[in-house]
Structure formats: structure tokens, C-alpha cells
Amino acid sequence: MKSCFPGLFKTIAPMFISAMLAAGCQTVQTTQGGTVGVDRKQSMLVSSEQVNQAAVSNYQQVLSESRKKSALNSSAAQTERVRSIARRLIPQVGVFREDATKWKWEVNVIESDELNAWCMPGGKIAFYSGIIEKLKLTDEEIAAIMGHEMAHALREHARERASQAMAAGLGVQVVGAAAGLGDAGMQLTSLLADYTFVKPNSRLHETEADRMGVELAARGGYDPRAAIGLWKKMAQGSGGQPPQWMSTHPSHETRIKDLENYSARVMPLYEKARTQH
């Protein structure tokens, strides 16, 4: 799911620039495969530490703005419900990357009519009340969304997409921005914000997040098959058509077939975990 906060990139862009110029391209293995076998190597031009640092700052800004509107965690019951699900999913992230168990995870609910939820780099999660209330989500469906969004953060998809944008011919603009050439810097910020935080995730990234998400849910004791019906709800909740941010996601039929396959793969994990909750 897309981030609703493209302004986040105003802070991250200068960090991306300096990191790229200093470090060059690296091929990394952000996660282990898990049962679902997501083990693609990724090429990165930017530093995860700097992205995460910027995400922390901007997440606090988002919370501050929501608090001023009395829209932050306005329902204690709803907030506790979402956080209780997170408490079961977060301990499972070690199967994909051990360092993520030490991230400073945070979960908050923002009062908004939007059908949205996201997880910033480093484990900063937000759910919008609209997606819970309008779609009448079950706990299993919340877990499906949360696992999906957590997977984007674990795989560092935002970092990867920024790296891809830079590798696609932005060298001159990056150097110009780093040198303080105003227009070039503004163009770079706008372009990378579009690629990283505004446009929908790629089909590849969505498929990876779907597969890892059902495993996280299953390991947390939530039925992974809930993800299948969830996407039907998402389409119905948007007037019969997928939301705009899903426009480049896998087709409905392809996604359902893939979720059916990978949910079945992780069912033994669910059967084992549910006896513990």
C-alpha cells in the first residue's frame, strides 16, 4: 500500500544523495527466505540506516499532526485491538531477518476515512480507522494487512525503489542537487518522492509482501487464508474497482491464485501457532 505522506521524502532525499555518492551500489540479502521462499537479492544505492533515521523523524511528525487534530488513537479499544495483533506478529519477523526483532516497532491508529495502512522503514506502523470500520475487518484480516505492510519494511522495498530510480539515469541531477543547484535538487526530490512514496508498489514487491505477509500471520496464529477474502473486500470498498494505489498490483485472479497457493504452504505453521494463543 502506498504511503499517504510524500512530504516524508523532503527529509530523506538529501540523505539518499549523500549515501549514494559515498557508498555506490551494493548487492544485499535483506531477508532470509522463510517457508515461502522469498530470497531475491537486491541492488541498493542508498543506506538503510539513513532511511530509517529519516523515517523515525517523519513518523513522529505524522503522529504530532494527528494528535493536534485529536485523530491519534482516539479509540482506546480500537488501538488496543490493532496493537494486540501486532504483538503477535512482530516476534515472528526473526524468521526473515533477525535484526528486525530489535527494531523499535511502533503501532498507532489514525482516525481517517481512508482505506489505508502502512509500515515505514524500521517498523513504524499506522492503521487508518477507515480501513477497519468501512471494511468491517476481522482480526485475521487486520493481521493479513499488517503482515503485508511489515513485509515491505523487512524487504526494504522503499530503499530499493529509490535505488532503482537513481540507477535509471539520475546521476546528473543527483550531483546537481548535492552541489546545491536549487532546481535540480527540487526535481530530484519530486521525482524520487513519486517513485518511492506516491506510486503503487511494483507487482514484484506486492507479490513478495503477500507471500511473506501470510507467513507472518500464520506464525502469529492468524488464519493466512483471510488474505484471500480481504482483497475482495478492498475492491468492493472502492466502488467495485481496486483503489488507485492498487492499479499496478497483480491482477485480481493472479493475486488470489498466488495467495491460495502460499496460504496452503503456511497452514502447518498456523495450525501449530494457534494452539499457543
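The values are calculated or read from the model by the stated rules, or taken from the named source; none is laboratory data. Given the structure is predicted, the values throughout are model-derived calculations rather than measurements. Because the Cβ atoms are built from the backbone with ideal geometry, glycine has one as well, and the counts that use them run over all protein chains shown.
Being of a type in the set (A, V, I, L, M, F, W, C), within 30 Å of Ala165 (Cα to Cα), surrounded by fewer than 17 Cβ atoms within 10 Å (Cβ to Cβ) and more than 17 Å from the chain's Cα centre (by Cα) is true of Val28.
State whether the residues of region 87-103 include one that is farther than 23 Å from Trp231 by Cα, surrounded by fewer than 23 Cβ atoms within 10 Å (Cβ to Cβ) and among the β-branched types (Val, Ile, Thr). Yes. Restricting Val46, Val51, Val62 to residues that are β-branched (Val, Ile, Thr), touching a Ser or Thr at 6+ places or on another chain (Cβ under 6 Å) and modelled with pLDDT under 95 narrows the list to Val46. Please work out if Glu140 is among the acidic types (Asp, Glu), more than 30 Å from Gln29 (Cβ to Cβ) and at pLDDT below 95. No. Filtering Gly180, Gly185, Gly176, Gly239 for residues that are surrounded by fewer than 21 Cβ atoms within 10 Å (Cβ to Cβ), out of contact with any Cys (no Cβ under 9 Å at 6 or more places or on another chain), at pLDDT below 60 and farther than 30 Å from Ala162 by Cα leaves a single hit, Gly239.
Does region 188-230 hold any residues that are part of a helix (DSSP H, G or I), among the charged types (D, E, K, R), at pLDDT 80 or above and surrounded by fewer than 21 Cβ atoms within 10 Å (Cβ to Cβ), and which are they? Correct list: Arg203 only. Taking the numbered list (1) in contact with a helix residue (DSSP H, G or I) (Cβ under 9 Å, 6 or more places away or on another chain); (2) in contact (Cβ under 8 Å) with a residue 60 or more places away in the chain in turn, Arg161 passes all entries but (2).
Each row is one residue, and each column tells you yes or no for (1) over 15 Å from Arg211 (Cα atoms); (2) under 14 Å from the mean Cα position of the chain (by Cα); (3) free of Cβ contacts under 8 Å to residues at least 12 places away in the same chain.
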residue	(1), (2), (3)
Asn116	yes, yes, no
Met120	yes, yes, no
Phe127	yes, yes, no
Ile132	yes, no, no
Met146	no, yes, no
Glu149	no, yes, no
Leu154	no, yes, no
His157	no, yes, no
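So, Pro268, is that one at pLDDT below 80 and surrounded by fewer than 20 Cβ atoms within 10 Å (Cβ to Cβ) or not? Criteria not met by Pro268. When you scan region 109-120, do you find a residue that is among the aromatic types (Phe, Trp, Tyr) and either within 30 Å of Val28 (Cβ to Cβ) or out of contact with any Asp or Glu (no Cβ under 6 Å at 6 or more places or on another chain) (or both), even just one? Within region 109-120, one or more residues are among the aromatic types (Phe, Trp, Tyr) and either within 30 Å of Val28 (Cβ to Cβ) or out of contact with any Asp or Glu (no Cβ under 6 Å at 6 or more places or on another chain) (or both).
Checked against the criterion of being β-branched (Val, Ile, Thr), touching a strand residue (DSSP E or B) at 6+ places or on another chain (Cβ under 9 Å), modelled with pLDDT of 95 or more and assigned to a loop (DSSP other than H, G, I, E, B), region 27-36 has at least one qualifying residue.
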